[in-house]
4 protein chains.
Amino acid sequence: MPLSDKQIKAMEQKREKILQQAIILFAEQGYESTTIAKVAKASGVSFGSVFTYFENKDQLFYHAVTEPLNTVFKVDLLDFDPEAEDLLNEIKNMIDKHIRIFIEMRTYLQLVVQVIGQHTKFPEPFKELDEFSLEFIQKLILMITNAQRRGILEESEADLTAKAYLGFLLGIRLTFTDYAVSYIWEKLKIPAFQLLYPKR
Amino acid sequence: MPLSDKQIKAMEQKREKILQQAIILFAEQGYESTTIAKVAKASGVSFGSVFTYFENKDQLFYHAVTEPLNTVFKVDLLDFDPEAEDLLNEIKNMIDKHIRIFIEMRTYLQLVVQVIGQHTKFPEPFKELDEFSLEFIQKLILMITNAQRRGILEESEADLTAKAYLGFLLGIRLTFTDYAVSYIWEKLKIPAFQLLYPKR
Amino acid sequence: MPLSDKQIKAMEQKREKILQQAIILFAEQGYESTTIAKVAKASGVSFGSVFTYFENKDQLFYHAVTEPLNTVFKVDLLDFDPEAEDLLNEIKNMIDKHIRIFIEMRTYLQLVVQVIGQHTKFPEPFKELDEFSLEFIQKLILMITNAQRRGILEESEADLTAKAYLGFLLGIRLTFTDYAVSYIWEKLKIPAFQLLYPKR
Amino acid sequence: MPLSDKQIKAMEQKREKILQQAIILFAEQGYESTTIAKVAKASGVSFGSVFTYFENKDQLFYHAVTEPLNTVFKVDLLDFDPEAEDLLNEIKNMIDKHIRIFIEMRTYLQLVVQVIGQHTKFPEPFKELDEFSLEFIQKLILMITNAQRRGILEESEADLTAKAYLGFLLGIRLTFTDYAVSYIWEKLKIPAFQLLYPKR
DNA sequence: AATGAATGAGGATTCATTCAT
DNA sequence: CATGAATGAATCCTCATTCAT
């Protein structure tokens, strides 16, 4: 007897709820301190149900890290055009967008920082993050190179500059831990832009 | 009968050995995955001995975070003079030094990143780090303000710039995870300097 | 999906089994020497299951002391009528009953003796015992006072006599440790009665 | 090199101090909860020294139970004369003395109660207590029999009466736990005497 | 599919005891 | 003799996971 559409929908919602709560708990308490029981309670399901949707704790963690990455995070961070006509403006818009994303996804980024910081402990999820970061860097390099060629940015090693830019984004996430940060982040556009070594 | 000097020395060395191994393990595997047994084995002592030198796992972690901070880290990071005659040179030397420290203390910084990233989980060690970061920022602000006044740096909100600089240092620690980084870091002086918004 | 009646029943029986074995072990070996593993083994369950039914060892001990108290012990010991018509007969029946209870509940009383003897170590269970003993004493005083008024007992401080009577019951539990005591206890009715200072 | 008298004396005092503190701690906290370290601290010596005077924890407990027994306790409790001229007076004096001892040696009796209450756990010290109790009972029987023959006490089974008397002494130790009991105990002479079934 | 009882591996910690100084 | 560092057995408890209902 196949499941009805309504049932499928309900199950998908339940899975999503579990995943969201898992992200929050993993981010705030770390992998070991986050128990399946806590996730279940926060999601309003029995802990047995968590195993219905995720094979085991490892898999739950893996999905907590990779699903937001592959849906929103990746899409939003890569949403800039290295070949844009008005490249200076495109760069400024990109910085604005990136900073906004890093504000909004604070919890998820806490999780990302853990995976990167202890990558030997989390090889599978780290691999996904690493691959994305390479892709991100590649696209940044493209943009930087173009901008240099067009005299918008000073000459520099684009690869290094791109990595420094990514490092900066992650770093400020650590430095401005839980301020009501929105207004501070607004100002962070300036150093972020400086990092790219703009012509004056 | 008090302990002989030789014994005291031996104990201090043993304590140091345990602490060093704890730092490595905590950094690489995190708090929970680092068992007292692992630390003991890595240090070549019985697990019971760990409790001779550290009250409990919590305390061991606390000391793993704070002792390097209060000995080398703090001293080295604060070793610059905001009132120096040749301030431009002082700033460049500072950046050079800071970057070198962040290279050399990779493992320790992995630990720092964890504490900051999950500060609600580690309130006591975080407090120490936070206090130091405030002190560090204060001194940076002083230097930046002086440099702006003397026309070495462009005008900017010194507080924000200082925090961005610290964020950058932490962030590149995450981005350049385990490269043989020395030669890359050499180049990182440039973006680090740009971040401070130098006059051209 | 709620548990079936059969399951609930099975669980109640398991809990009871654990509690009974815990009482025996605590009584014979004391609190610390009674390990959760021993209780589990004696009950035929895994040690993990003990924690399914009792929060921790402390709670298990607490319930081992208080549950028999509140079910059989309390009820049986208080089952006499201080206002009975034929008070002399009522007193003799009471003594008979009390002594029989103290015979039958030997193991439980071993446990009670420990809690009283080391009451600073077991404040919560002791509180329960102490409250019951006050209630018991109160009712005894009532009976003794009535009996004195009706000329069945000689004058004496009822409060003291009541406590002496309770002390006697506990004391013989210690003195006649593990005899096949039934026939001896039969004879103990005489001194128990004398303690109440009967008119001759 | 033989020890000087002064040294020997100092050592004896140290041993005594350790034993006294051990009695207190064993009585109040029980066997397992009393650690060698606690005893050492209370005695003002290093825990290593405890092992200089007592082979191990078991032996320390054994001596804590038996030494007071064989010095003061035994002597004082047996200090009555079953063949005394004025036997009624002798009995009353005996009761008075016994009760006084049970007041004064409260802590030690807490320990005794533990050993009796968990005698399977403490076979060696229990053996000593049991032997003494037999001796005590024997002497009591003698006195009771004589008193009955002389018409001071009513007829009863002397053996049972003697045990009831001992039980009573132990029992009130449990019932009147930590009152400022002296004045209450004074009054306890009456029921204690009644227990022996005196002629009126 | 959902529930939660049962299990036992694993880990922190305590503490008696040994033994070098 | 006195001291206390070192050791590891033993214990409580947590928690992922399995599986019967």
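Within region B:57-138, the GluC sites (Glu not before Pro) that combine a DSSP coil assignment with at most 12 other C-beta atoms in a 10 angstrom radius are B:E83, B:E85. Across every pair of non-identical alpha carbons in region B:85-148, the mean reciprocal distance, once inverted, gives a Kirkwood radius of 13.4 Å. When C:T145, C:T52 are compared by accessible surface with a 1.4 Å probe, the order from highest to lowest is C:T52, C:T145. The two copies B and C are related by a rotation, and the chain B beta carbon nearest its axis, with distance in whole angstrom, is B:N56, 10. The equivalent ellipsoid of region A:1-56 has semi-axes of 24, 11, 8 Å, largest first, where each one is the square root of 5 times an eigenvalue of the Cα gyration tensor.
Reported to the nearest whole Å, the Cα centre-to-centre distance from region D:122-156 to region C:24-57 is 39. With the cut-off at 21 Å, report for region A:1-113 the share of all Cα pairs above it, as a whole percent. That tail contains 48 percent of the Cα-Cα pairs. How would region D:123-194 be classified by its alpha-carbon gyration tensor: rounded, prolate or oblate, with rounded meaning a/c under 1.5 and the a/b versus b/c comparison settling the rest? Note, shape of region D:123-194 comes out oblate.
Sorting A:K127, A:K74 by accessible area puts them as A:K127, A:K74; the probe is 1.4 Å, largest comes first, and only protein heavy atoms count.
Evaluated over region D:61-195, the count of Lys pairs having alpha-carbon atoms less than 27 Å apart is 25 (only pairs 8 or more residues apart or interchain). Highest average first, the peptides C:165-173, A:188-196 ordered by how many other beta carbon atoms sit within 10 Å of their residues are C:165-173, A:188-196. Surface calculation, 1.4 Å probe, protein heavy atoms: B:H63 sits at approximately 50 Å² accessible. Other residues within the sphere of radius under 14 Å centred on the Cβ of C:N89, judged by their own Cβ, net out at -2 (K and R +1, D and E -1).
Output the 0 to 90 degree angle, nearest 10, between the alpha-carbon long axis of helix A:57-68 and the longest principal axis computed from the alpha carbons of chain A. Between the helix axis and the principal axis of chain A, the angle is about 40 degrees.
Ascending distances from the D:K74 label point to its copies in the other chains, with the point 7 Å along the Cα-to-beta-carbon line: 4.5, 6.4, 8.6 nm.
If a spin label sat at a point 7 angstrom from the Cα of D:Q7 along the line to its beta carbon, the backbone N atoms of region D:40-83 nearer than 19 Å would be those of D:46, D:49-54.
Which of the lysines could a cross-linker bridge to A:K9, judged by Cα under 16 Å and excluding same-chain residues fewer than eight apart? Straight-line reach from A:K9, under 16 Å: A:K17. Would you work out which of B:T66, B:L88, B:T35 lies farthest towards the positive end of the dipole of region B:1-121? Charges go on Cβ: Lys and Arg +1, Asp and Glu -1. The residue sitting farthest along the positive end of the dipole is B:T35. Computed from Cα positions, the angle between helix A:158-175 and the longest principal axis of chain A comes to roughly 50 degrees. For peptide A:186-198, how many partner chain Cβ atoms fall within 10 Å of a residue's Cβ, on average? Mean shielding count: 5. Counting only protein chain heavy atoms and rolling a 1.4 Å probe, the accessible areas of C:M11, B:M94 rank, largest first, as C:M11, B:M94. When the accessible areas of A alone and B alone are added and the area of the pair subtracted, with a 1.4 Å probe, the result is around 3600 Å², both sides summed. Helix C:5-33 and the longest principal axis of the Cα set of chain C meet at an angle near 70°.
Counting only Cβ charges, +1 for Lys and Arg and -1 for Asp and Glu, the dipole size of chain B around its Cα centre is about 600 debye. Between this copy and the others, label points of B:A37 are 1.4, 2.2, 2.2 nm apart in ascending order, each placed 7 angstrom from Cα in the Cβ direction. Accessible area per residue for region A:1-95, computed on protein heavy atoms with a 1.4 Å probe, is 56 Å².
Summary of the geometry: region D:73-101 and region C:58-76, compared by the centres of their Cα atoms, lie 40 Å apart. Restricting to DSSP H runs of at least four residues, report the calculated mean residue ellipticity at 222 nm for chain C, -39500 (n - 2.57) per run over all residues, nearest 500 deg cm²/dmol. Calculated mean residue ellipticity at 222 nm is -23500 deg cm²/dmol.
Scaling against 2.2 N^0.38 Å puts the C-alpha radius of gyration of the protein assembly as shown at 1.42.
Since only B:V115, B:V75, B:L142 are under comparison, the one whose Cα sits farthest along the positive direction of the charge dipole of region B:58-195, derived from C-beta charges on Lys, Arg, Asp and Glu, is B:V115. Taking every residue in C:27-36 and counting other chain Cβ atoms within 10 Å of its Cβ, the average works out to 3. Residue by residue along B:111-119, Cβ atoms of other protein chains within 10 Å of the local Cβ number 6 on average. For B:K14, the aspartates and glutamates whose Cα falls under 20 Å of its own Cα, not counting residues fewer than eight places away in the same chain, are B:D5, B:E55, B:D58, B:E67.
Shape analysis of chain D based on the Cα gyration tensor places the equivalent ellipsoid semi-axes at 37, 18, 15 Å, largest first. Comparing the full protein assembly with the isolated chain (1.4 Å probe, heavy atoms, ligands and nucleic acids excluded), the residues of region D:129-175 losing at least 20 square angstrom of accessible area are D:E157, D:L160, D:K163, D:A164, D:G167, D:F168, D:L170, D:G171, D:L174, D:T175. Charge dipole of the protein assembly as shown (Cα centre as origin; +1 on each Lys and Arg Cβ, -1 on each Asp and Glu Cβ, all else neutral): 440 debye, rounded to the nearest 20. Taking a point 7 Å out from the Cα of B:L88 in the direction of its Cβ, the residues of region B:134-166 whose backbone N falls within less than 17 Å of it are B:144-155. A label point on A:K189, set 7 Å along the Cα-to-Cβ line, lies at 3.3, 9.9, 10.0 nm from each of its counterparts in the other copies, closest listed first.
Normalised by the number of residues in chain D, the average gap of Cα pairs under 8 Å and 6 or more apart makes the relative contact order 22 percent.
Under a 5 Å amide H cut-off, with hydrogens placed 1.01 Å from N, C:L153 pairs with C:Q148, C:K199 among residues at least 5 apart or on other chains.
The values are calculated or read from the model by the stated rules, or taken from the named source; none is laboratory data. Predicted, not measured: the structure shown is a model, and the values here were computed from it. All Cβ positions, even for glycine, are placed from backbone atoms using ideal geometry, and neighbour counts span all protein chains on display. The accessibility values were calculated without ligands, DNA or RNA, using every heavy atom of the protein model including side chains. Shrake-Rupley method; radii C 1.70, N 1.55, O 1.52, S 1.80 Å.
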